[in-house]
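Each remark here refers to the structure printed beneath this line.
The values are calculated or read from the model by the stated rules, or taken from the named source; none is laboratory data. Quantities reported herein were computed from a predicted structural model and do not represent experimental measurements. Cβ sites come from the backbone with ideal geometry, for glycine too, and all protein chains shown count toward neighbours. Quick note on the areas: whole protein, heavy atoms, side chains included, nothing else; ligands and nucleic acids left out. Shrake-Rupley method; radii C 1.70, N 1.55, O 1.52, S 1.80 Å.
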Amino acid sequence: MKENTRIIHSIPVDKQTGAISVPIYQTSTFVQEAPGVHKGFDYSRSNNPTRQALENLIAVLEEGSNGYAFASGLAAIDAVVKLLSAGDEIVAVDDIYGGAFRLFTHIYQRFGIKIKYVDTTRAENVAAAITPATKLIWIESPTNPTLKITDIEAVSAIAGKHGCLVCVDNTFASPALQKPINMGVDLVIHSATKYLGGHSDLIGGLVVTKTPELGEKIKFIQNASGTILGPFDSWLVIRGIETLALRTRQHSQNAAAIAEFLTGCPEVDKVYYPGLSGHINHQIAKKQQQYFGGMVTFSLKEDTTEAATRFVTATRLFKLAESLGGIKSLVCHPATMTHKSIPPEKRKDAGISDSLIRLSVGLEDSDDLIDDITQALAVRKEKNKTSSFINLFV
Ligand SMILES: *Cc1c(COP(=O)(O)O)cnc(C)c1O
């Protein structure tokens, strides 16, 4: 059976009623026949049929053994870190998601877990950072916002030699682009808030494990910590996943058209898109991704916060907001929004210049999106006309 068929039919028909959509089991507890005699469900923190349908579905999608659904992407990351103990070390990608940085550095270091950040796009950096205390390698690929790609297979091979676990935050790619477990990793996490949910209408997180043994450990942590996803949000993620393959193709197609267009714009300095042959990790992206994804980042020749602000407040279809992966296009200015808390010098080192702009390309027609970018770049040049120009269209 081909993948799309397999995914769509991994969502079970309700046995009791024949409902073709998974029912939302909005219940805290389940009636038992005798103490401990029940239909596999006793309390919704431990297990809930709607959440279980999503958990099974994400395991199928990522080609892992077990899946678990959490209240947010960060709760999913938190569950993976809880596999470790005081004295253990994490080697993590240096331009890691800001929320993961905050959790690792400002919470888990207090509990005696050490963190080293390295540029994982060079697998040898990972090898050099590993010590006998290293228990977990943490990768994101593509990264946020400069879309750097790590060779997941190469890093997994190194980790395997040292007996460390590897976890990939697969949020930016989604399993429609790449399946890290097939490349040798032990765990995959997602912010389901982004491409899996796909409609900017929920917060959720997922963990998938390669083996049932690791699955049991995550299940224990999920139940012990109680950071579960509720039945309604589980249902929304299932609904999102049903169209993931279709959406991903269109997100990628639109993003490729925009990246191509931006490359030819005289106002634009650098364009970051893994699908462009000039992208530093283009070859690895080609090797491990089915498409190049819906995220495009670029900087302006006029490298100032003012120039970027003019652009992000002039777009009309691209809405100015944090987050990504939804059907509506979003624009964000990392230096003053998602990456504001990083000191300016560190930000520059990570390639986040003052004018860097990140686009989450949605499912509108790419011609309209390109028209929107064109008018927003033009506003940039004609400062004095900005207000009247915008007024015409509000
Ligand atoms: C958004 C995001 C997260 C955190 O997910 P939440 O659902 O917001 O908690 C983690 N990793 C990446 C790459 C993200 O983009």
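Ignoring ligands, DNA and RNA, what percent of the accessible area of the chain is carbon or sulfur (1.4 Å)? Before the final figure, lay out the partial values.
Details: 9670 of 17420 Å².
Of the solvent-accessible surface of the chain, carbon and sulfur hold 56 percent.
Using only the Cα atoms of the stretch 307-372, construct the convex hull and provide its projected area averaged over every direction, in square nanometres to one decimal. Provide the component values of the computation, followed by the final result.
On the way: hull surface 17.8 nm².
Directional mean of the projected Cα hull area for the stretch 307-372 stands at 4.4 nm².
Longer than 18 Å from Cα to Cα, which of K194/K328; K148/K348; K2/K179; K270/K328; K135/K217 are they? Say none if no pair is. Let's see the in-between values first.
Working: K194/K328 12 Å; K148/K348 15 Å; K2/K179 15 Å; K270/K328 24 Å; K135/K217 15 Å.
Pairs exceeding the cut-off: K270/K328.
May I ask you to derive the relative contact order of the chain, considering only C-alpha pairs under 8 Å and at least 6 residues apart, and to give it as an integer percent?
Working: 766 pairs, mean separation 60.6, N = 394.
RCO, the chain: 15 percent.
Of the peptides 152-163, 35-46, 104-115, how do they stack up when ordered by the mean number of other Cβ atoms within 10 Å, highest first? If you can, show how the numbers build up before the last one.
On the way: 152-163: 18.4, 35-46: 12.1, 104-115: 14.5.
Put in order of decreasing packing, that is 152-163, 104-115, 35-46.
Where the centroid of each part is defined by its Cα atoms, how far is the stretch 161-198 from the stretch 307-380 in Å?
Taking the Cα centre of the stretch 307-380 as reference, the centre of the stretch 161-198 is 25 Å away.
Ordering T263, T338 by how much accessible area each has at a 1.4 Å probe, largest first, what is the list? Working shown, then result.
On the way: T263 85, T338 45 Å².
Of T263, T338, the descending order of accessible area is T263, T338.
Please express the Cα-Cα pair-distance distribution P(r) of the chain as a list of whole percents, one per 20 Å bin, running from 0 to the bin with the greatest distance.
27, 55, 17, 1
Where the centre of each part is set by its Cα atoms, how far does the stretch 63-138 sit from the stretch 1-34, in angstrom?
The stretch 63-138 and the stretch 1-34 have Cα centres separated by 33 Å.
Pop a pseudo-label 7 angstrom from the Cα along the beta-carbon direction at both F111 and S65 and give the gap in nm to one decimal.
2.4 nm
Divide by every residue of the chain the summed helix terms, -39500 (n - 2.57) for each DSSP H run of at least 4, and state the resulting mean residue ellipticity at 222 nm, rounded to the nearest 500 deg cm²/dmol.
Working: 14 runs with 145 residues, N = 394.
Roughly -11000 deg cm²/dmol at 222 nm, from the helical runs in the chain.
For q values of 0.13, 0.16, 0.20 Å⁻¹, compute log₁₀ I(q)/I(0) with the Debye formula on a Cα-only model of the stretch 97-248, without solvent.
-0.65, -1.00, -1.49
List the DSSP H helices in the chain whose Cα atoms stretch 15 Å or more along the helix axis and whose mean Kyte-Doolittle hydropathy is at least 0.5. If you can, show how the numbers build up before the last one.
Working: long enough: 49-62 (20 Å, 0.21); 152-162 (16 Å, 0.62); 212-225 (19 Å, -0.51); 231-242 (17 Å, 0.38); 244-263 (28 Å, -0.04); 366-381 (23 Å, -0.19).
Correct list, ordered by number: 152-162.
Which is farthest toward the positive dipole end of the chain among V81, P180, T143, measuring Cα position about the Cα centre, with Cβ charges +1 (Lys, Arg) and -1 (Asp, Glu)?
Most positive-ward Cα: V81.
Counting heavy atoms of the protein chains only and a 1.4 Å probe, report the per residue accessible area for the stretch 99-196 as a whole number of Å².
Details: 3210 Å² over 98 residues.
Normalised by residue count, the accessible surface of the stretch 99-196 is 33 Å².
Can you give the charge dipole size of the chain about its Cα centre, rounded to the nearest 20 debye, using +1 on the beta carbon of Lys and Arg and -1 on the beta carbon of Asp and Glu?
300 debye
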